[in-house]
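*Asks:* I'd like to ask some things about the structure below.
Taken together, the values in this text are just the output of simple stated rules run on the coordinates, not laboratory data. Remember, predicted model here, so these are calculated numbers, not experimental data. Cβ sites come from the backbone with ideal geometry, for glycine too, and all protein chains shown count toward neighbours.
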């Protein structure tokens with residue numbers, strides 16, 4: 001790995017060293033007292049992963065630049081339609097999961113597909129309307145399962161997979177294509 005200029009280093013009271021690609025940049029998180037030499041060794045060891053993922057991020061950025069952007073009117077219509085469709089999918093899956101829920105909110109967000117708070121209120125990204133219906137259902141099931149388990153533990157995923165056996169394939173679609181949904185909304 002060449003020099004500090006090629007990545008952003010964030011030091012904190014953490015115990016481990018990690019690297020991630022975010023918005024096309026390499027972010028390295030390190031413990032406060034970790035020597036630079038150890039960070040450089042870590043980066044050298046993971047150089048292939050870093051190069052592969054930086055390249056992937058660049059390809060995604062280029063594809064997103066070429067994506068058609070929805071107009072403000074189209075985005076508003078999408079969000080309105082999402083409120084109805086998502087509420088119907090929540091109503092369908094809640095009894096299957098065996099839970100109740102609070103308020104349902106739909107927003108056009110930049111990074112999250114859904115969330116569930118301790119009160120049982122659910123929030124979904126209206127951009128899910130641009131994904132295949134099976135992907136939307138996977139996110140609905142994921143958030144409803146948080147009504148049973150407010151974590152991402154093995155028992156949480158066991159419940160998700162009970163209701164949505166091909167959840168991983170649906171989630172993979174979103175991981176691989178979600179950036180295009182954000183790009184269509186001008187949120188890339």
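*Asks:* Based on DSSP H runs of at least 4 residues, each adding -39500 (n - 2.57), what is the mean residue ellipticity at 222 nm of the chain after dividing by all its residues, to the nearest 500 deg cm²/dmol?
*Replies:* Calculated at 222 nm, the ellipticity per residue is -17000 deg cm²/dmol.
*Asks:* Over all pairs of distinct alpha carbons, what does the Kirkwood formula give as the hydrodynamic radius of the stretch 80-188, in Å?
*Replies:* Values: mean 1/r = 0.0722 Å⁻¹.
Across the stretch 80-188, the inverse of the average 1/r is 13.8 Å.
*Asks:* In degrees from 0 to 90, rounded to the nearest 10, what is the angle of the helix 72-97 Cα long axis to the longest principal axis of the chain?
*Replies:* The two axes meet at around 70 degrees.
*Asks:* Restricting to the chain, what percent of DSSP beta bridges are antiparallel, rounded to 5? Please list the in-between numbers first.
*Replies:* Numbers: 8 of 17 bridges.
In the chain, approximately 45 percent of DSSP beta bridges are antiparallel ones.
*Asks:* Sticking with this one: Obtain the nm distance between the two label points defined at residue 11 and residue 48 by a simple spin-label model: each point lies 7 Å from its Cα along the Cα-to-C-beta direction.
*Replies:* Going by the 7 Å Cα→Cβ label model, 3.2 nm.
*Asks:* Once every Cα of the stretch 36-112 carries one equal point scatterer and solvent is ignored, give the base-10 log of I(q)/I(0) from the Debye formula at q = 0.14, 0.15, 0.20 Å⁻¹, two decimals.
*Replies:* Debye curve over Cα of the stretch 36-112, log10 I(q)/I(0) at q = 0.14, 0.15, 0.20 Å⁻¹: -0.77, -0.79, -0.94.
*Asks:* Return the tail of the calculated pair distribution for the stretch 4-66, meaning the percent of Cα-Cα pairs more than 18 Å apart.
*Replies:* When every Cα pair of the stretch 4-66 is considered, 38 percent fall beyond 18 Å.
*Asks:* Treating the angle as unsigned and between 0 and 90°, give the value, to the nearest 10°, between the Cα long axis of helix 154-163 and the longest Cα principal axis of the chain.
*Replies:* 40 degrees
*Asks:* How tilted is helix 133-145 with respect to the longest principal axis of the chain? Cα atoms for both, answer in degrees (0 to 90, nearest 10).
*Replies:* Approximately 90 degrees, to the nearest ten.
*Asks:* Additional query: Treat each spin label as a single point 7 Å out from the Cα along the C-beta direction, and report the residue 25 to residue 161 distance in nm.
*Replies:* Between residue 25 and residue 161, the label points sit 3.7 nm apart.
*Asks:* Next question. Once the mean 1/r over all distinct Cα pairs of the chain is inverted, what Kirkwood radius in angstroms do you read off?
*Replies:* 18.7 Å
*Asks:* Hey, what did the chain get for relative contact order, percent, Cα under 8 Å, at least 6 apart?
*Replies:* 19 percent
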